[in-house]
Amino acid sequence: MTENKINIAVLVSGGGTNLQALIDAEKSGIIKSGSIKLVISNNKDAYALTRAANAGIDTAVVLKSECGSAQAFENAISKLLDKNGIDVIVLAGFMSILSEDFTSKYPKQIINVHPSLIPSFCGKGFYGLRVHEAALEYGVKVTGATVHFVNEIPDGGEIIMQKAVAIKDGDTPEKLQKRVMRQAEWKILPLAVEKVCSNKLDRR
Ligand code: GAR
(Lines give C-alpha, C1' and ligand atoms only; values in the text may rest on other atoms or scores of the structure.)
Protein backbone atom coordinates (compact mmCIF):
# COMPACT_ATOMS: atom_id res chain seq x y z
CA MET A 1 0.00 0.00 0.00
CA THR A 2 2.81 2.38 0.81
CA GLU A 3 5.39 1.41 -1.85
CA ASN A 4 4.70 4.69 -3.64
CA LYS A 5 5.48 6.62 -0.46
CA ILE A 6 8.68 7.69 1.24
CA ASN A 7 9.44 5.67 4.38
CA ILE A 8 9.89 7.97 7.37
CA ALA A 9 11.54 7.31 10.73
CA VAL A 10 11.03 9.75 13.61
CA LEU A 11 13.70 10.04 16.32
CA VAL A 12 12.42 11.25 19.69
CA SER A 13 13.50 11.70 23.32
CA GLY A 14 10.53 13.07 25.24
CA GLY A 15 6.88 14.03 25.15
CA GLY A 16 6.51 13.65 21.42
CA THR A 17 4.03 16.42 20.65
CA ASN A 18 5.80 16.99 17.33
CA LEU A 19 5.58 13.26 16.61
CA GLN A 20 1.85 13.52 17.36
CA ALA A 21 1.55 16.41 14.88
CA LEU A 22 3.19 14.19 12.25
CA ILE A 23 0.93 11.22 13.03
CA ASP A 24 -2.15 13.47 12.84
CA ALA A 25 -0.92 15.05 9.60
CA GLU A 26 -0.47 11.64 7.99
CA LYS A 27 -4.00 10.68 9.09
CA SER A 28 -5.55 13.88 7.77
CA GLY A 29 -3.66 13.71 4.46
CA ILE A 30 -1.42 16.76 5.01
CA ILE A 31 1.43 14.25 4.75
CA LYS A 32 0.56 12.15 1.72
CA SER A 33 3.92 11.46 0.09
CA GLY A 34 5.44 9.71 3.10
CA SER A 35 4.50 7.27 5.80
CA ILE A 36 5.89 6.95 9.34
CA LYS A 37 7.31 3.43 9.58
CA LEU A 38 9.37 3.59 12.73
CA VAL A 39 9.87 5.66 15.88
CA ILE A 40 13.25 5.43 17.61
CA SER A 41 13.80 6.81 21.11
CA ASN A 42 17.00 7.27 23.08
CA ASN A 43 14.92 7.38 26.28
CA LYS A 44 12.94 4.31 27.29
CA ASP A 45 10.47 6.41 29.30
CA ALA A 46 9.65 8.85 26.48
CA TYR A 47 5.90 9.40 26.21
CA ALA A 48 6.48 9.63 22.46
CA LEU A 49 6.79 5.81 22.48
CA THR A 50 3.23 5.53 23.80
CA ARG A 51 1.99 7.93 21.12
CA ALA A 52 3.66 5.78 18.44
CA ALA A 53 2.28 2.53 19.88
CA ASN A 54 -1.24 4.07 20.05
CA ALA A 55 -0.94 4.86 16.35
CA GLY A 56 0.23 1.33 15.54
CA ILE A 57 3.75 2.43 14.56
CA ASP A 58 6.75 0.18 15.28
CA THR A 59 9.06 1.50 17.99
CA ALA A 60 12.64 0.89 19.06
CA VAL A 61 14.68 2.12 22.02
CA VAL A 62 18.41 2.66 21.57
CA LEU A 63 20.29 3.72 24.72
CA LYS A 64 23.72 5.30 24.52
CA SER A 65 24.52 3.85 27.95
CA GLU A 66 23.86 0.32 26.70
CA CYS A 67 25.69 0.77 23.40
CA GLY A 68 28.92 1.71 25.16
CA SER A 69 30.00 4.53 22.83
CA ALA A 70 28.51 7.31 20.72
CA GLN A 71 29.66 5.47 17.59
CA ALA A 72 28.01 2.19 18.62
CA PHE A 73 24.83 4.17 19.45
CA GLU A 74 24.75 5.71 15.97
CA ASN A 75 25.57 2.37 14.33
CA ALA A 76 22.63 0.78 16.11
CA ILE A 77 20.34 3.55 14.81
CA SER A 78 21.73 3.19 11.26
CA LYS A 79 21.11 -0.54 11.35
CA LEU A 80 17.45 0.01 12.27
CA LEU A 81 17.06 2.63 9.52
CA ASP A 82 18.58 0.32 6.91
CA LYS A 83 16.55 -2.68 8.03
CA ASN A 84 13.33 -0.68 7.70
CA GLY A 85 14.19 0.88 4.33
CA ILE A 86 13.98 4.42 5.72
CA ASP A 87 14.48 7.32 3.29
CA VAL A 88 13.70 10.33 5.51
CA ILE A 89 14.68 10.74 9.17
CA VAL A 90 12.85 13.33 11.26
CA LEU A 91 14.37 14.55 14.52
CA ALA A 92 11.34 15.57 16.59
CA GLY A 93 12.64 16.60 19.99
CA PHE A 94 15.62 14.23 19.67
CA MET A 95 18.04 15.49 22.34
CA SER A 96 21.29 13.99 21.11
CA ILE A 97 23.68 15.58 18.61
CA LEU A 98 24.53 13.25 15.74
CA SER A 99 28.14 13.05 14.54
CA GLU A 100 29.42 13.98 11.10
CA ASP A 101 29.96 10.25 10.43
CA PHE A 102 26.22 9.76 10.81
CA THR A 103 24.91 12.92 9.14
CA SER A 104 27.16 12.50 6.08
CA LYS A 105 25.55 9.10 5.41
CA TYR A 106 22.15 10.79 4.99
CA PRO A 107 22.61 14.03 3.03
CA LYS A 108 19.36 16.02 2.76
CA GLN A 109 17.56 13.08 4.35
CA ILE A 110 17.56 14.22 7.99
CA ILE A 111 15.11 16.95 9.07
CA ASN A 112 15.10 18.70 12.45
CA VAL A 113 12.64 21.03 14.12
CA HIS A 114 14.19 23.74 16.31
CA PRO A 115 12.16 26.09 18.53
CA SER A 116 13.65 29.43 17.43
CA LEU A 117 14.25 31.44 14.26
CA ILE A 118 17.68 30.11 13.27
CA PRO A 119 20.35 31.60 13.36
CA SER A 120 19.14 32.98 16.72
CA PHE A 121 19.28 30.85 19.87
CA CYS A 122 20.57 27.68 18.25
CA GLY A 123 23.58 25.38 18.18
CA LYS A 124 25.16 23.34 20.95
CA GLY A 125 23.44 23.80 24.33
CA PHE A 126 20.26 25.29 22.87
CA TYR A 127 17.49 22.76 23.21
CA GLY A 128 14.01 22.53 24.71
CA LEU A 129 13.09 25.17 27.31
CA ARG A 130 16.63 26.57 27.31
CA VAL A 131 15.96 28.09 23.86
CA HIS A 132 12.94 30.01 25.13
CA GLU A 133 14.76 31.11 28.32
CA ALA A 134 17.50 32.57 26.10
CA ALA A 135 15.01 34.39 23.87
CA LEU A 136 13.29 35.93 26.91
CA GLU A 137 16.63 36.84 28.56
CA TYR A 138 17.74 38.60 25.36
CA GLY A 139 14.45 40.46 25.12
CA VAL A 140 13.57 39.71 21.49
CA LYS A 141 9.97 40.53 20.60
CA VAL A 142 9.59 37.85 17.94
CA THR A 143 10.73 34.24 18.01
CA GLY A 144 9.43 31.16 16.21
CA ALA A 145 10.44 27.78 14.87
CA THR A 146 12.66 26.46 12.09
CA VAL A 147 12.65 23.20 10.19
CA HIS A 148 15.97 22.48 8.52
CA PHE A 149 18.09 19.75 7.02
CA VAL A 150 20.67 18.31 9.39
CA ASN A 151 24.36 18.40 8.52
CA GLU A 152 27.55 18.26 10.60
CA ILE A 153 26.94 21.71 12.15
CA PRO A 154 24.40 21.64 15.02
CA ASP A 155 21.32 23.54 13.73
CA GLY A 156 23.44 24.67 10.75
CA GLY A 157 21.87 22.84 7.79
CA GLU A 158 19.79 24.37 5.00
CA ILE A 159 16.53 25.93 6.20
CA ILE A 160 13.34 24.35 4.79
CA MET A 161 10.65 26.39 6.57
CA GLN A 162 10.28 28.99 9.33
CA LYS A 163 7.39 30.61 11.14
CA ALA A 164 7.49 33.63 13.44
CA VAL A 165 5.67 33.83 16.79
CA ALA A 166 5.13 36.97 18.89
CA ILE A 167 6.53 37.23 22.41
CA LYS A 168 4.05 38.73 24.88
CA ASP A 169 4.46 40.68 28.11
CA GLY A 170 4.56 38.31 31.06
CA ASP A 171 5.75 35.32 29.03
CA THR A 172 7.52 32.55 30.90
CA PRO A 173 9.71 29.99 29.08
CA GLU A 174 6.90 27.45 29.52
CA LYS A 175 4.19 29.76 28.13
CA LEU A 176 6.39 30.71 25.20
CA GLN A 177 7.31 27.09 24.47
CA LYS A 178 3.63 26.16 24.25
CA ARG A 179 2.82 29.09 21.93
CA VAL A 180 5.79 28.31 19.65
CA MET A 181 4.76 24.66 19.48
CA ARG A 182 1.09 25.41 18.81
CA GLN A 183 1.54 28.29 16.36
CA ALA A 184 4.70 27.17 14.59
CA GLU A 185 6.29 23.74 15.21
CA TRP A 186 3.18 21.56 14.89
CA LYS A 187 2.25 23.41 11.69
CA ILE A 188 5.52 23.73 9.78
CA LEU A 189 7.03 20.35 10.69
CA PRO A 190 4.32 18.34 8.86
CA LEU A 191 4.36 20.79 5.93
CA ALA A 192 8.14 20.56 5.62
CA VAL A 193 8.10 16.76 5.86
CA GLU A 194 5.50 16.60 3.08
CA LYS A 195 7.55 19.02 0.96
CA VAL A 196 10.73 16.94 1.30
CA CYS A 197 8.93 13.62 0.72
CA SER A 198 7.05 14.85 -2.34
CA ASN A 199 10.31 16.21 -3.84
CA LYS A 200 11.93 12.82 -3.28
CA LEU A 201 8.97 10.98 -4.83
CA ASP A 202 9.13 13.25 -7.90
CA ARG A 203 12.78 12.33 -8.38
CA ARG A 204 12.13 8.55 -8.27
C1 GAR B 1 10.30 20.89 20.80
O2 GAR B 1 10.04 22.20 21.17
C3 GAR B 1 11.46 20.82 19.81
O4 GAR B 1 11.46 21.88 18.90
C5 GAR B 1 12.62 20.92 20.74
O6 GAR B 1 12.27 20.14 21.86
C7 GAR B 1 10.84 20.09 21.99
C8 GAR B 1 10.39 18.65 21.97
O9 GAR B 1 9.03 18.53 22.24
N10 GAR B 1 13.83 20.47 20.09
C11 GAR B 1 15.02 21.02 20.31
O12 GAR B 1 15.21 21.90 21.12
C13 GAR B 1 16.14 20.44 19.48
N14 GAR B 1 17.26 21.34 19.46
P15 GAR B 1 8.17 17.26 21.82
O16 GAR B 1 8.91 16.02 22.35
O17 GAR B 1 6.87 17.46 22.51
O18 GAR B 1 8.05 17.24 20.34
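The table below gives the values:
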read-out: Condition check for K79: open to solvent by 30 Å² or more (accessible area, probe 1.4 Å), of a type in the set (D, E, K, R) and under 22 Å from G34 (Cα atoms); value: yes
read-out: Search result, residues across the stretch 165-184 that are under 18 Å from A21 (Cβ atoms) and small (G, A, S); value: A184
read-out: Among residues of the stretch 94-135, those that are at positive phi and open to solvent by less than 30 Å² (accessible area, probe 1.4 Å), counted; value: 2
read-out: Residues located in the stretch 155-170, provided they are surrounded by 18 or more Cβ atoms within 10 Å (Cβ to Cβ) and under 15 Å from the mean Cα position of the chain (by Cα); value: D155, G157, I160, M161
read-out: Tally of residues being under 15 Å from K37 (Cα atoms) and open to solvent by less than 50 Å² (accessible area, probe 1.4 Å) across the stretch 52-76; value: 4
read-out: Strands (runs of 3 or more DSSP E) enclosed by the stretch 1-85 - at least 1 residues per element that are over 23 Å from E185 (Cβ atoms) and within 16 Å of the ligand (Cβ to nearest atom); value: 58-61
read-out: Residue check for G139: of a type in the set (G, A, S), more than 23 Å from L98 (Cα to Cα), over 13 Å from the mean Cα position of the chain (by Cα) and at pLDDT 95 or above; value: yes
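The values are calculated or read from the model by the stated rules, or taken from the named source; none is laboratory data. Keep in mind that this is a model prediction, so the values were computed, not measured. Backbone-built Cβ (ideal geometry, glycine too); neighbour counts: all protein chains shown. Heads up: the accessible areas ignore ligands, DNA and RNA and are worked out on the full protein's heavy atoms, side chains in. Shrake-Rupley method; radii C 1.70, N 1.55, O 1.52, S 1.80 Å.
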